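A short reminder: the numbers here are calculations on the coordinates, not readings from a lab. What you see is a predicted model; the values in this text were computed from it and never measured. Cβ atoms come from the backbone with ideal geometry, glycine included; neighbour counts cover every protein chain shown.
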Protein chains: 2
Amino acid sequence: MTDIPLGAGAEFDRIRAIAAALGPAASGLGNDCAVLPPGFGDVVVSTDMSVEGVHFRREWLTWREIGWRAASAALSDLAAAGAEVVGLTASIGTPRDAPVDELTELMRGVGEAVTAVGGRVLGGDLSVAPVWVVDITVVGRAARPVGRSEARAGDTLWVTGALGGARAALMAWQAGGTPAAGARERFAHPVPRIAEARWLAAHGAHAMMDISDGLGGDAGHLAAASGVRLELELDQLPVHPDVVAVALARGEPIQAFAARGGEDYELLVALPKSFDAVEARRFQQDTGTVLTRIGKVRRGAGVAASFAGVPATLAGYDHFG
Amino acid sequence: MTDIPLGAGAEFDRIRAIAAALGPAASGLGNDCAVLPPGFGDVVVSTDMSVEGVHFRREWLTWREIGWRAASAALSDLAAAGAEVVGLTASIGTPRDAPVDELTELMRGVGEAVTAVGGRVLGGDLSVAPVWVVDITVVGRAARPVGRSEARAGDTLWVTGALGGARAALMAWQAGGTPAAGARERFAHPVPRIAEARWLAAHGAHAMMDISDGLGGDAGHLAAASGVRLELELDQLPVHPDVVAVALARGEPIQAFAARGGEDYELLVALPKSFDAVEARRFQQDTGTVLTRIGKVRRGAGVAASFAGVPATLAGYDHFG
């Protein structure tokens, strides 16, 4: 049960228990993407389920946004592997009386998300379910997929984009309010970092993953998979501008709020020591996305966070916690 | 909207509406499997969602059987394409308080189903949902996938195995009774016809599909996809022995009962005229599965059924009907 490279948490205990039950019937569980055996055209696959009332509410998003978001969440796992997008399948469960135009709008959003990164809708399945369920399986290609297990002591840690926007929107809705437009956009319309990830893979990324459970939890998985200790400098975190007001209203430190937020679908990446500010600037020029150094990789285990040199704590999101 | 090769029904109208909304964002919808573009190692994928209360009830099956059945339903689509099995991903939604051993038992069943046909569990996703949702995406390989669109006038129609057993179990449960052991086994433990399908593909099958919505509905899809008319001789249908008592108790003709039952996951196949009883016997020797001639392919459109020469009607299953 200990060979599944994941950090702490009830959800990950479940994955460990499944891997133990499956034994040799499973291969490579606990990664963003599954890699097919040799001879399959470098194909990688990954799957992601979005459930109404758990991952989204109809009152918050249009059907098109629900489709976009579900597809992008799954596509983000292809990004984490540095993969090129081939396409996706969509299994959709809907209440029996769901109007067909809600379904077609949702699928329009799915189609927009996958074509935006060069893929297509390859197939799907329709079912009846008590609430809307959108399960997306993405198919990509990566000659040398980047995983989570090759971060090395001496690497530096970076994140793409800015963090916390999606969580700011979520907190606003959950408090009965209306999110700021920028935060809402981050939640409703996340952009999988496919091009960014391929750039980073081509420039020597040792390990990469998408931050879908919050930086705190996801950094723990990367540390566990690579057998290293990650040191995060929270004061360096790139924070989405709409976080500030929401975090202050809740009395949470701004960076801690951003680090706790998943679902921005930005990337956490370990790059070799030789990767410097000049290269980071070139990344930004090539992709239009900011890349920020937020810490380093050391020998050891686990994740340590500090704020301007003072130790700080972090937490991730756990469905079953 | 007319280029999606499916027969009549509300569920298929939904698929047609989705294809219209997606336009060029989609490719190849309406088939059992999606075929990746050239260069991807002949990879085919397909997805299938099973929902508690819709596709199964916990009172009917063990968790292990629920997992086996969900995986086999999806694997059956690989069989329909004549594909070899690589593996599958499993997205599982569970109530928040679901015991972890229910989940591991379910996944044990998934693992048993996929290893029984030579594949492995490649990855998955866990989520919270109001009821159990098991979405399985299967990955296979087929150098020349068999589709639904190449049946030709003059072909003969055959089915593998015996039909109606799964429906007999379902009817018994729905009437508050206990199914006969053989019928229960057909529902709880369907066997995807992977080896049978590869045999048929290698022996010249023109078109093939799995009978998951009942012979009536599925024959309509094959006819629509191939632009032909199928003539079914219901008196020739191979009927599962446990159908007889259940059909008689309901006052349904035995063969009509069997033809209406989906979820036996047997195959409907169009074979060239040259395929004869000698070859059918060789199939049975090689695979251990019966193959029965049940009709023929003509010029025209739609499906016509007869019983000992007298016209008869057929119906399929439609989630949204």
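Side notes on the structure shown:
- The label-point distance for B:Asp276 and A:Ala249, in a model that sets each label 7 Å from Cα toward Cβ, rounds to 8.1 nm.
- For segment B:1-151, averaging the sequence separation of C-alpha pairs within contact (under 8 Å, six or more residues apart) and dividing by the residue count gives a relative contact order of 31 percent.
- Kirkwood Rh, Cα atoms: Rg over Rh of segment B:156-312: 0.97
- Charge tally around B:Pro145: other residues with Cβ under 10 Å, Lys/Arg +1 each, Asp/Glu -1 each, net 0.
- Computed on chain A, with alpha-carbon pairs under 8 angstrom and 6+ residues apart, the relative contact order is 23 percent.
- Each other copy holds its own label point for B:Pro38; taking that point as 7 Å from Cα along Cα to Cβ, the gaps run 2.5 nm, nearest first.
- Sorted largest first, extent of chain A alpha carbons per principal axis (Å): 56, 53, 42
- DSSP bridge orientation in the protein assembly as shown - percent antiparallel, rounded to nearest 5: 70
- Computed from the Cβ-Cβ distance with R0 of 45 Å, the FRET efficiency linking B:His203 to A:Ala202 stands at 0.45.
- DSSP-defined antiparallel bridges as percent of all bridges, chain B, nearest 5: 75
- Segment A:1-87 - Rg over Rh from alpha carbon coordinates, Kirkwood radius: 1.03
- Nm distances between copies for A:Gly177, ranked from closest, using label points 7 Å along Cα→Cβ: 6.2
- Candidates per chymotrypsin sites (Phe, Trp or Tyr not before Pro) in segment B:37-124, loop by DSSP, up to 13 other Cβ within 10 Å: none
- Stretching the chain fully between B:Arg299 and B:Asp101 yields a gain of 65.9 nm (0.36 nm per residue, less the alpha carbon separation).
- Cross-link partners for B:Lys273 among the aspartates and glutamates, with Cα-Cα distance under 12 Å and sequence neighbours closer than 8 places in the same chain left out: B:Asp155.
- Across all Cα pairs in segment B:32-77, the calculated P(r) in 5 Å bins from zero up to the longest distance comes to 5, 20, 23, 16, 12, 9, 8, 5, 2, 0 percent per bin.
- Interatomic Cα distance distribution for the protein assembly as shown, bins of 20 angstrom, percent: 20, 51, 24, 6, 0
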